[in-house]
Amino acid sequence: MSEFAYRNGVMHVEDVPLPRIAEAVGTPFYCYSRGALVRAYAAFAAALGGLDATICYSIKANGNLAVVRAFAELGAGADVVSGGELERALAAGIRPAQVVFSGVGKTRAELAQALAAGIGQFNVESEAEIETLSALAHARGTRAAVAIRINPDIDALTHDKIATGRASDKFGIPWPDARVAYRRAAALPGLAIAGIAIHIGSQMTSLVPLEAAFCRVADAVAMLRADGHGIRRIDLGGGLGIAYRFAVEGQSETVPSPADYGAVVRRVIAPLGAEIICEPGRALVGDAGVLVTQVILCKRNKARAFVVVDAAMNDLIRPALYGAYHEILPVRAPAAGAERAPVDVVGPVCESSDFFARERPLPPVAAGDVLVVASAGAYGAVNSSTYNARALVPEVMVSGNAFAVVRRRLTVTDMLALETVPDWLGERPVARRGAA
Ligand code: LLP
């Protein structure tokens, strides 16, 4: 992560020292590097160079308007999974024709919204959805361009909760049923078959399952074309992983690069002569963001040493939800040869699952120190909540020597303003003299 580097012992994001941002906006906050976003996009685009391919950035990974705008500027399309994400994509400047709408449970209202917006493709996942979409499009006097998402029954060999291509997962239409589904869809008045789609999982660190899924798609394309369907577009989904472990010598992860991914696309998919869509999320934003937090206090019991920080599981839920590993780096570089001792880095939320690291060897830290939780650009801020009445933290973007708050900190006043006490609950109780 070259945009996040120590200079004179202080962590910088591009040309801005992180402590300067911490002083300006307070902690905790998310910080993104525009340079890192651009670099990740360029690597992905280069990997697909020369192919008839579109990168539809998966908004769910990080939907901040400034982040999406940075990709829109580079020519990206978007993969959205809700009406809200569709609005975000369009507000950020993505062209409707470059929007793909995925998801297992789109409502009628969302389908109608997307039809009205004139999006490029609906990735449909069930017979029921196929019929609803056809009826809605037909009523509008149009045909919706659809790709049917098939479930190839392939295990992505990733965390169980983010594998989506096994027969037991809720996603897609089982591949043995594809032929019938295409025949029915082709007969409906409101649909135009555009292609086929898959997405077998996220944070894949091996390309073997992906290649197996691509091969299954290639077989399906041949069969569907033989049946007379015009399969002119192949949507390969997302899923390429990033290296979350990189700081400890001998323990760094190696993950396939976008170029390795591109080589598989070239080998298996390009010969089919179709337009290709990729929906990367994490691979474009994961390394481009960090969560910055300050140490509130340190405490110790017989079993463990705890570093209690001001960010918590509501700000970044990945460790609690998936046992995910994120590197934790002090904003001020530790002295050369500083000893590392195992600590639990935890937040203030009242749950034992509220941790960022367990028994992690860290150099000495003290109250007031600022720490960086690395690789938090994907599925970080988007997955945050206000649990424990904690306000959503700001998001900041750096470009060169400039930085801007791209989402302000929510306040508790903002939160209370959304709520109402019905008048039948009566007056606010007045404290009585002598009452406990
Ligand atoms: N396309 C579809 C249809 C998806 O469901 C997803 C992610 C993507 C593309 C983008 O996948 P990526 O390139 O980012 O792997 N919250 C989890 C990850 C959930 C992924 C959901 N689907 C996490 O923090 O690891």
**Prompt:** Which cross-chain or sequence-distant (5 or more) residues have an amide H under 5 Å from the amide H of V343, H modelled 1.01 Å from N in plane?
**Reply:** E359, R360, L362
**Request:** Can you tell me the dipole magnitude for the chain around its Cα centre, using point charges on the Cβ only (Lys, Arg +1; Asp, Glu -1), in Debye to the nearest 20?
**Result:** 360
**Complete:** Per GNM of the chain with C-alpha springs under 10 angstrom, the most fluctuating residue out of R282, R408, R318 is R408
**Asked** Projected onto the charge dipole of segment 287-417 (+1 at Lys/Arg Cβ, -1 at Asp/Glu Cβ, origin at the Cα centre), which of N388, L416, V307 gives the Cα projection farthest towards the positive end?
**Response** V307
**Message:** Under 19 Å from a point placed 7 Å out from the Cα of A42 along the Cα-to-Cβ direction: which residues of segment 63-101 have their backbone N that close?
**Reply:** 67-77
**Message:** Can you tell me the length gained on complete extension of the stretch A109 to V10, counting 0.36 nm per residue apart and subtracting the Cα distance?
**Reply:** 30.7 nm
**Message:** If amide hydrogens are placed 1.01 Å from N in the peptide plane, which non-local residues have theirs closer than 5 Å to the one on Y6?
**Reply:** H12
**Item:** Cα convex hull of segment 267-422 - mean projected area over all directions, nm²
**Value:** 15.7
**Computed over the chain: relative contact order in percent, which uses C-alpha pairs under 8 Å that are six or more apart** = 19
**Message:** Once you keep just the Cα pairs under 8 angstrom separated by 6 or more residues, what percentage relative contact order results for segment 34-285?
**Reply:** 22
**Asked** How big, on average over all directions, is the shadow cast by the Cα convex hull of the chain, in nm²?
**Response** 26.3
**Request:** Write down the accessible area per residue of segment 287-417 in Å², having rolled a 1.4 Å probe over the full set of protein chains.
**Result:** 45
**Request:** May I ask for the net charge around P361, where only other residues with Cβ less than 15 Å from the Cβ of P361 are counted and Lys, Arg are +1 while Asp, Glu are -1?
**Result:** 0
**Asked** With charges set only on the Cβ (+1 for Lys and Arg, -1 for Asp and Glu), what does the dipole of segment 34-285 come to about its Cα centre, in debye to the nearest 20?
**Response** 460
**Request:** Report the local net charge at A186: Lys and Arg +1, Asp and Glu -1, summed over other residues whose C-beta lies under 12 Å from its C-beta.
**Result:** +3
**Fill in**
Interchain or sequence-distant (5+) residues whose placed amide H lies within less than 5 Å of the amide H of N62 are Y379
**Prompt:** So, in nm, how far is label S353 from label L157 when the simple model puts each one 7 Å beyond its Cα toward the Cβ?
**Reply:** 2.8
**Request:** Please state the charge dipole magnitude for segment 55-157, taken about the Cα centre, from unit charges on C-beta atoms (+1 on K and R, -1 on D and E), reported in debye and rounded to the nearest 20.
**Result:** 420
**Equivalent ellipsoid dimensions for segment 1-117 as semi-axes, Å, which come from the Cα gyration tensor, largest first** = 32, 19, 10
**Asked** Tally Lys/Arg at +1 and Asp/Glu at -1 over every other residue whose Cβ is under 13 Å from the Cβ of F4; what's the total?
**Response** -2
**Asked** When the chain is treated as a GNM, springs tying every alpha-carbon pair under 10 Å, which of A117, A341, A303 comes out with the largest mean-square fluctuation?
**Response** A303
**Asked** Taking the Cα centre of segment 34-285 as the origin and placing charges on Cβ (Lys, Arg +1; Asp, Glu -1), which of I173, I130, L236 is farthest toward the positive end of the dipole?
**Response** I130
**Asked** So what J values fall out for segment 359-364 if you push phi through Karplus, 6.51 cos²θ - 1.76 cosθ + 1.60 with θ = phi - 60°, rounded to Hz, Gly and Pro as x?
**Response** 6, 8, x, 10, x, x
**Within the chain, longest stretch clear of exposed GluC sites (Glu not before Pro) (DSSP loop, no more than 10 other Cβ within 10 Å)** = 1-248
**Asked** Each label point is 7 Å from the Cα along the Cα-to-Cβ direction; what then is the distance between the points at A91 and D177, in nm?
**Response** 3.6
**Asked** Could you give me the ³J(HN,Hα) list for segment 153-162, computed from phi with Karplus coefficients 6.51, -1.76, 1.60 and θ = phi - 60°, whole Hz, x at Gly and Pro?
**Response** 6, 10, 7, 6, 6, 10, 4, 3, 6, 10
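The values are calculated or read from the model by the stated rules, or taken from the named source; none is laboratory data. All values reported here derive from a predicted model rather than from experimental measurement. Backbone-built Cβ (ideal geometry, glycine too); neighbour counts: all protein chains shown. SASA here: full protein model, heavy atoms, side chains in, ligands and nucleic acids out. Shrake-Rupley method; radii C 1.70, N 1.55, O 1.52, S 1.80 Å.
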